[in-house]
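The structure under discussion appears below in the form of structure tokens.
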Amino acid sequence: MERFELAVKAITRAGAALRASRVKNGDVQFKTGYKDLVTYWDKYTEQLLRDEILTAFPNDVIVGEEYPPSGIGKLTWYIDPIDGTTNFVNQHRNYAVSIGCWDGDKPVFGLVLDVEREAMYWAKTNEGAWCNNTRLHVTQRTDLHDMLLTTPGVQYTFLDQNDWREQLIKLARTVRGVRCLGSVALELCEVASGEADLFVTLRSSPWDHNAARIILSEAGGAICTVTGASLSINEKSTVLAANSVENLNGVLSLLSD
Ligand code: IPD
Ligand code: CA
Ligand code: CA
């Protein structure tokens, strides 16, 4: 079985287990603090995905959120077993499983499963972006006043003290509206599918964005850091995304103004 087919099979299995799951008292723990949760199900899902991948491709590298990196090969799988754990715990919806496969710094494929909607966002390099069987395209909007901005963390994007706060508030005032779903992967897929035009976060890890960024660029979107630097494959970073390179540059100039 090829890597993509294996990934589809594994993520589908993980999604079914999560839909059937129920979070019990004692399943939820704090990681770095009370805003940073991990559950029994995050670990269960990452282990399930690791087992499936490593059984078929034992030398591949796995970089997942809940366990230390493993492997020695060139092909790397970036795994977020549950992106949107707070939503998983509170709502049992608006959370995703995210798998991005890279050959060094070259994107191979990305899968983001919106678990409860059973919506599989996927893309292979140079083969377009899809949600289940529907082709995805970013919006054609060019005027910031017409745009919807999405950000996964209202508190740390707009409320907490940070170097970008004033500029990001200016951006929020300029666009038509701001939305917060609470999942980096699903919000980048919203831009890919045309449900939003812009995305920003000040905190993202490789497992948060390395699958969805492939889907976004195959849908015609553009992505970088809030300073305009190219997004690293392996480092935590800020993320800015837009429906086109031109609009990304427009937002960058607004942020640096
Ligand atoms: C988090 C979610 C959240 C975002 C955080 C991420 P997790 O991932 O994507 O929306 O604001 O920065 O770490 O912890 O649910 O996998
Ligand atoms: Ca995440
Ligand atoms: Ca996670």
Residue match in segment 240-252 (condition: within 16 Å of ligand 1 (Cβ to nearest atom) and either over 23 Å from LYS124 (Cα atoms) or among the β-branched types (Val, Ile, Thr) (or both)): no
Residues (basic (Lys, Arg) and either in a helix (DSSP H, G or I) or more than 15 Å from ligand 2 (Cβ to nearest atom) (or both)) located in segment 7-40: LYS9, ARG13, ARG19, ARG22, LYS24
Scan of segment 41-78 for residues that are away from ligand 3 (no atom under 13 Å from the Cβ) and open to solvent by 60 Å² or more (accessible area, probe 1.4 Å), ordered by number: GLN47, ASP51, THR55, PRO58, ASN59, PRO68, PRO69, ILE72, LYS74
Near pairs, Cβ below 9 angstrom, 6+ apart or cross-chain, from segment 73-87 (closer than 23 Å to ASP103 by Cβ and outside any helix (DSSP H, G or I)) to any residue that is aromatic (Phe, Trp, Tyr) and within 8 Å of ligand 1 (Cβ to nearest atom): TYR78/TRP207; ILE79/TRP207; ASP80/TRP207; PRO81/TRP207; ASP83/TYR95; ASP83/TRP207
Residue list for segment 18-31, restricted to those being over 20 Å from the mean Cα position of the chain (by Cα) and either within 20 Å of TYR78 (Cβ to Cβ) or open to solvent by less than 20 Å² (accessible area, probe 1.4 Å) (or both): SER21
Some residue of segment 41-60 being touching a Cys at 6+ places or on another chain (Cβ under 8 Å), outside any helix (DSSP H, G or I) and closer than 18 Å to PHE4 by Cα: no
Odd one out for LYS74, checked against (1) modelled with pLDDT under 95; (2) within 17 Å of ALA192 (Cα to Cα): (2)
Restricting segment 73-111 to residues that are among the β-branched types (Val, Ile, Thr) and closer than 18 Å to GLU2 by Cα, the residue that is farthest from ligand 2 (Cβ to nearest atom): VAL108
From the options ALA196, ALA172, residue that is open to solvent by less than 40 Å² (accessible area, probe 1.4 Å) and free of Cβ contacts under 8 Å to residues at least 24 places away in the same chain: ALA172
Filter result for LEU202 (aliphatic (A, V, I, L, M) and either assigned by TED's automatic domain parsing to the domain that holds TRP102 or not in a helix (DSSP H, G or I) (or both)): yes
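Is at least one residue of segment 37-45 touching a His at 6+ places or on another chain (Cβ under 9 Å) and of a type in the set (D, E, K, R)? Let's see the steps before the verdict.
So in segment 37-45, the residues touching a His at 6+ places or on another chain (Cβ under 9 Å) come out as none.
No - not one qualifying residue is present in segment 37-45.
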Filtered residues of segment 79-93 (kept if open to solvent by less than 30 Å² (accessible area, probe 1.4 Å) and either at pLDDT below 95 or not hydroxyl-bearing (Ser, Thr, Tyr) (or both)): ILE79, ASP80, PRO81, ILE82, ASP83, GLY84, ASN87, PHE88
Segment 175-189 - residue that is outside any helix (DSSP H, G or I) and within 16 Å of ligand 3 (Cβ to nearest atom) and, of those, surrounded by the most Cβ atoms within 10 Å (Cβ to Cβ): SER183
The one condition in (1) surrounded by fewer than 24 Cβ atoms within 10 Å (Cβ to Cβ); (2) basic (Lys, Arg); (3) within 21 Å of the chain's Cα centre (by Cα) that ARG213 fails to fulfil: (1)
Residue under evaluation THR139, criteria (1) surrounded by 20 or more Cβ atoms within 10 Å (Cβ to Cβ); (2) more than 13 Å from the chain's Cα centre (by Cα); (3) assigned to a helix (DSSP H, G or I); (4) away from ligand 1 (no atom under 16 Å from the Cβ), criterion not met: (3)
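The values are calculated or read from the model by the stated rules, or taken from the named source; none is laboratory data. Note that the structure is a prediction, hence the values are computed from the model and not measured. Virtual Cβ from ideal backbone geometry, glycine too; neighbours counted across all protein chains shown. Only protein heavy atoms, including side chains, enter the accessible area calculation; ligands, DNA and RNA are left aside. Shrake-Rupley method; radii C 1.70, N 1.55, O 1.52, S 1.80 Å.
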